[in-house]
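Below is one structure; the comments refer to it alone.
The values are calculated or read from the model by the stated rules, or taken from the named source; none is laboratory data. Worth saying up front: this structure is predicted, and the values here are computed from it rather than measured. Cβ: placed from backbone, ideal geometry, glycine included. Neighbour counts: every protein chain shown. In case anyone asks, the SASA skips ligands and DNA or RNA and just uses the protein heavy atoms, side chains included. Shrake-Rupley method; radii C 1.70, N 1.55, O 1.52, S 1.80 Å.
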Amino acid sequence: MQNFSFRGLEIHSSRMWQWDSILRTLDFMRKTGLNALILHQNDILDEIVMPSVYFHDQELVWKRWPVRRSKTYANAVYLSQIIKRAKSFGIDVYLEVKEIWYPEAILELFPELRDSHGVICPTNPFWFSFLEAKTREAIDILPDLAGIIVSPATRESKVSISTRTCACDRCQRTSGEEWYRQYIKAIFTPLAEKQKTLVVRDFSYTADQQDALINAVKSCSDQIVLALKNVPHDFWPTFPTNERIGQTPELREWIEFDVWGQYCGIGLFPCSLAEDLQKRILYCLQKGAVGAIFRTDWEICNDASNFNSFNMLNLFAAAMLSSRPDTHLDSVYQAWAEYGLSSPFHTESEAMEPVVPQNA
């Protein structure tokens, strides 16, 4: 039966910086057939590169930002170890970001980026050069990275056209679609040169912004992957399936799911999504989607994930159904029970061993 060729597990919290959590996640992925690990942090590129094209004066760097310099080196080494370990299991690693982000030092080097009212102008050409430079340096230091996932239309980045906070003439003349196109080209160019995958994630807040984003992607390259949420916005289980799924046959589509329970208890109580996942996965496959991403936590909540919740059931459902959508759900529940139940009243970093239920 048809399945998703791309089956990704997303970590969207600080536990990506905990080696034990990474090992436990990779072990689960290896056993269940998930083949891509997504590390999602808004500013993760700034956590691994300065970038050197702007911070080339080493005397100034040591004088003003020595801690950040050392931290970026250390973080890059850490991520390279994750990529190496994942590769040994046949698992690709992607970084997911909400760009454009920047370190505060950039404003010290280029104070003209703020206007007289202190507003950052998103159409300043500097930002696209900056984004390209960060991307290029990141893949140079992480050569085995599979690709990068970006959200151009988000309001959660430091610099974005979506918020329309700058009143300059250039911003007033620039359409959202044109800005998204420049953004996408800035990051796609260095990735394409190294045969890396760019995934553009739809995180728009209005239908107009969504149309503009998707049109921009299509105008740039058919090699870009489009990531769509399984519902129109956020991850409410009661929402209908996203109508945009299957509407861009010229692009590969990966569909995002939340399996931790951001909108159904955040892991504090069990909430099975197995039945819902099966129906939606079958629908997405029928519409031509080729990949799925399953989010296992949320950046707002520290030290919590599927791995310390009864909602680990949903992660088993995601892994098994994305490989074999016709899997009988009794098998999903059985696999979860055989793995063992983790108490949601213990934090993720306690790394407790799951307790396998036993007959009385």
Single residue of Gly265, Gly288 found to be modelled with pLDDT of 95 or more, small (Gly, Ala, Ser) and open to solvent by less than 60 Å² (accessible area, probe 1.4 Å): Gly288
query: What number of residues within segment 114-134 are at pLDDT 95 or above and either small (Gly, Ala, Ser) or over 12 Å from Cys168 (Cβ atoms) (or both)?
result: 10
- request: Working only within segment 148-178, note down all residues that are crowded, with 19+ Cβ neighbours inside 10 Å and either touching a residue at least 60 places away in the same chain (Cβ under 8 Å) or aliphatic (A, V, I, L, M) (or both).
  value: Ile148, Ile149, Val150, Pro152, Ala153, Ser157, Val159, Ser160, Ile161
statement: Of the residues in segment 310-345 that are of a type in the set (D, E, K, R) and more than 21 Å from Ile293 (Cα to Cα), the one that is surrounded by the most Cβ atoms within 10 Å (Cβ to Cβ) is Glu338
query: Glu348 passes all but one of (1) within 19 Å of Arg7 (Cα to Cα); (2) open to solvent by less than 40 Å² (accessible area, probe 1.4 Å); which number fails?
result: (1)
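Which is more than 18 Å from the chain's Cα centre (by Cα) and either part of a loop (DSSP other than H, G, I, E, B) or at positive phi (or both), of Thr165, Thr189? First the steps, then the outcome.
On the way: Thr189 fails: either part of a loop (DSSP other than H, G, I, E, B) or at positive phi (or both).
One residue alone meets the criteria, Thr165.
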field: Filter result (under 24 Å from Ile255 (Cβ atoms) and surrounded by fewer than 17 Cβ atoms within 10 Å (Cβ to Cβ)) within segment 179-194
entry: Ala192
Only one of Glu132, Glu112 that is touching a Ser or Thr at 6+ places or on another chain (Cβ under 8 Å), among the charged types (D, E, K, R) and either open to solvent by less than 20 Å² (accessible area, probe 1.4 Å) or over 25 Å from Trp19 (Cβ atoms) (or both): Glu132
- request: Could you please give the count of residues in segment 207-240 that are touching a residue at least 24 places away in the same chain (Cβ under 8 Å), surrounded by fewer than 17 Cβ atoms within 10 Å (Cβ to Cβ) and polar (S, T, N, Q)?
  value: 4
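So which residues in segment 156-177 are aliphatic (A, V, I, L, M) and more than 14 Å from Ile100 (Cβ to Cβ)? Before you say what the answer is, go through the steps one by one.
To start, the set of residues in segment 156-177 that are aliphatic (A, V, I, L, M) comprises 159, 161, 167.
Selection gives Ala167 alone.
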task: List every residue pair whose Cβ atoms lie under 7 Å apart, where the two residues are 6 or more positions apart in sequence or sit on different chains, the first residue falls within segment 308-319 and is in a helix (DSSP H, G or I), and the second residue, located anywhere, is of a type in the set (Val, Ile, Thr) and crowded, with 24+ Cβ neighbours inside 10 Å.
output: Asn314/Val259; Leu315/Val259; Leu315/Thr296; Ala318/Val259
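Only one residue in Arg252, Arg295, Arg280 is touching a Ser or Thr at 6+ places or on another chain (Cβ under 8 Å), buried (at least 20 other Cβ atoms within 10 Å of the Cβ) and within 30 Å of Ala212 (Cβ to Cβ). Which one?
Working: Arg252 fails: touching a Ser or Thr at 6+ places or on another chain (Cβ under 8 Å); Arg295 fails: touching a Ser or Thr at 6+ places or on another chain (Cβ under 8 Å).
Exactly one of Arg252, Arg295, Arg280 is touching a Ser or Thr at 6+ places or on another chain (Cβ under 8 Å), buried (at least 20 other Cβ atoms within 10 Å of the Cβ) and within 30 Å of Ala212 (Cβ to Cβ), namely Arg280.
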